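Notes to accompany the following structure.
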Amino acid sequence: MNSLVQDDLKWIGMLYSVRLTISGCSKGNSRNPPLHSNFDAVNSAAFADYATEVIKYFHENLNITFTSYAPFNEPFGLHGIGSWAGNLSQQEGCNMDRPTMVSIIQSVHEAIEAKNMSFLKIAISDETQVNTQLQSYDYFVDAGVSDLFGQVNVHGYWDQVELSRKDLLSMRCSKAGHGLWMDEMGWGGTPVENMEQGLNIANRIVVDLRKMLPSAWVYWQVVEGGGGWGLLEVPYVNTTVDIIKYNSGYYAMEQFSQHIKQGSKLIYISNENSIAALDLVTQKLVIVVVNAEDSEVSQEFDLGLFESVGSLALFRTSPNEQHLNLPPPTISASNKVQVVSPPQSISTLEVSDVVLASGENLLQNGGFESVQDINGTSYPTAWTLQGGSNNGITSENSWRGEYSGVLDIRLGSTSALLQNITLASSKLLASCTLYLTAWCSSSQGGTKLGVKINAGEGPVVDINRNGAYSSYGVSFSASAGDIIEVYFENTGALLMGVARVDNVFLHAKCE
């Protein structure tokens, strides 16, 4: 323990096997009714005093400072129905209803204040699923306790990608200033030649980082006995190093954790099965590509966003390769690089000495935060609204900041938000590549993000109709004097709905 204190570790506290339960049993819930709350709120103050005393002892006597404390663990259980009961009573989760959790949050906060433990923040509430966590979060806001916690932890089990509102949880936390961690996900171990565990972990990391943008992603459990969920399997009765078994998840995790360093910034990448992270300190770009298919996939990445790039390195995990360092691809004359991914593989491309191009946004009011009043109605500055029955701006479910652009989707009608700019010759040379990115959502089909160049059709991308925000982008060539129209449009659908757009960014890289 003393040797670990000297390392650069972040300590978090979670109290499993909750004491002071109604059933008298500290594990899960030994009574059968699935909605039974197994913690007596009368004991909230005693529970808070016990937990904070333990954390205070570590801080004062062992030089270990916990930065967050999570007083709950999967309180709503499987699928949000509070089912840690009966035969599942050995589960470390403890059923609690939300009023009970509010009481505990208040008591823990009071204990932290009374004991001057300003180094510690409360983390809530480690639900099994994102949507359950979102419901609990909104409940705590309505109950008036959202200022008492500083971090939101959520687990990653049984989430359906199309239905899980990771974007809404990210939005709530960002606007309230709450940190967001995905602090538990696991998958049954499979040997290195079987990529089931590795690919499931990798796919989940990519989805979570693209949709939820957590500041930490944590695996459960890294080390476990045989037949469990461990990335490493170590028999508890014999812990000699030579019998450690490495599962495919170990090397899958290494494809991310070995290369994406703390403090890296996630940047836009069009491929849904990839993520890109840029370390501004070391100037290293990392692209991780997941190919869960049974056939080879080739993907091209445009590095034209950067003023300059250095050398490349390639690492891959597959049924026949375990984080193997391979000969890297080459960068073409047009600053593009091709990554070929064999079946059932995870590839990590490192690009060193990356220098970002100018960050100037050629669009005005890309975040829709500037609002103009016209005859008593607010409209987004610099944007033109065509069609539609609203005013093109909303404060409801904006991605970041107070406002987002919005279109009301109506049967058989077309509406659009658009902005025209003329590329100035003082800024651009003869040959330029422009990059347009935005966060968009739509509850119906027919929504597009695109550009027109001198009134002619340019590149366009369809917006997924699942209602969740995702990042989208296109690139295109243009010259000084060209008139560029950026548009967010819905051409009508069979049902009514809403489409939103935010953080629209257009910049140019010229040779």
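For this structure, a couple of remarks:
- Of all the criteria given as (1) farther than 17 Å from residue 121 by Cβ; (2) at pLDDT 95 or above; (3) buried (at least 22 other Cβ atoms within 10 Å of the Cβ); (4) not acidic (Asp, Glu), the one not satisfied by residue 57 is (3).
- Among the residues making up the stretch 326-361, those that are at pLDDT 95 or above and touching a His at 6+ places or on another chain (Cβ under 7 Å) are 348, 350.
Residue-by-condition table, conditions (1) over 14 Å from residue 503 (Cβ atoms); (2) surrounded by fewer than 21 Cβ atoms within 10 Å (Cβ to Cβ):
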site: 391; (1), (2): yes, yes
site: 403; (1), (2): no, no
site: 414; (1), (2): yes, yes
site: 420; (1), (2): yes, yes
site: 442; (1), (2): yes, no
site: 461; (1), (2): yes, yes
site: 471; (1), (2): no, yes
site: 483; (1), (2): yes, yes
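- The stretch 326-364 - residue that is surrounded by 14 or more Cβ atoms within 10 Å (Cβ to Cβ) and without any contact (Cβ under 8 Å) to a residue 24 or more places away in the chain and, of those, nearest to residue 302 (Cα to Cα): 329
- If the condition is being among the hydroxyl-bearing types (Ser, Thr, Tyr), closer than 30 Å to residue 508 by Cα and touching a Pro at 6+ places or on another chain (Cβ under 8 Å), then the stretch 295-351 contributes only 311.
- Residue within the stretch 226-246 that is farther than 22 Å from residue 128 by Cβ, in contact (Cβ under 8 Å) with a residue 24 or more places away in the chain, of a type outside the set (Gly, Ala, Ser) and in contact with a Pro (Cβ under 9 Å, 6 or more places away or on another chain) present: yes
- No other residue among 402, 489 is among the charged types (D, E, K, R), in a strand (DSSP E or B) and farther than 25 Å from residue 273 by Cβ apart from 489.
- For first residues located in the stretch 296-317 and farther than 27 Å from residue 251 by Cβ, partners that are surrounded by 19 or more Cβ atoms within 10 Å (Cβ to Cβ) and among the hydrophobic types (A, V, I, L, M, F, W, C) and lie 6+ apart or on another chain with Cβ distances below 8 Å form the pairs 306/285; 306/354; 308/354.
- Checking 125, 107 one by one, the residue that is at pLDDT 90 or above and under 21 Å from residue 215 (Cβ atoms) is 125 and no other.
- Filter result for residue 314 (part of a strand (DSSP E or B) and loosely packed, with under 13 Cβ neighbours inside 10 Å): no
- Residue list for the stretch 119-157, restricted to those being in a strand (DSSP E or B), aliphatic (A, V, I, L, M) and buried (at least 23 other Cβ atoms within 10 Å of the Cβ): 123, 124, 152, 154
- Qualifying residue in the stretch 106-114 (condition: touching a residue at least 12 places away in the same chain (Cβ under 8 Å), farther than 26 Å from residue 201 by Cα and surrounded by fewer than 17 Cβ atoms within 10 Å (Cβ to Cβ)): yes
- Residue in the stretch 184-201 that is over 28 Å from residue 20 (Cα atoms), outside the structural domain of residue 443 (by TED's automatic domain parsing), in a helix (DSSP H, G or I) and hydrophobic (A, V, I, L, M, F, W, C) present: yes
- Once the stretch 218-253 is narrowed to residues that are over 22 Å from residue 12 (Cα atoms) and among the charged types (D, E, K, R), the residue that is surrounded by the fewest Cβ atoms within 10 Å (Cβ to Cβ) is 242.
- Of all the residues in the stretch 247-273, those that are under 15 Å from the mean Cα position of the chain (by Cα) and under 19 Å from residue 325 (Cα atoms) number 2.
- With respect to (1) at pLDDT 95 or above; (2) closer than 25 Å to residue 411 by Cα, the lone exception for residue 505 is condition (2).
- Going through (1) modelled with pLDDT under 95; (2) closer than 16 Å to residue 199 by Cβ one by one, residue 306 falls short only on (2).
The values are calculated or read from the model by the stated rules, or taken from the named source; none is laboratory data. No experiment lies behind these values; they were computed from the predicted model shown. A quick note on method: Cβ atoms are made from the backbone with ideal geometry, for glycine too, and the neighbour counts reach across all protein chains shown.
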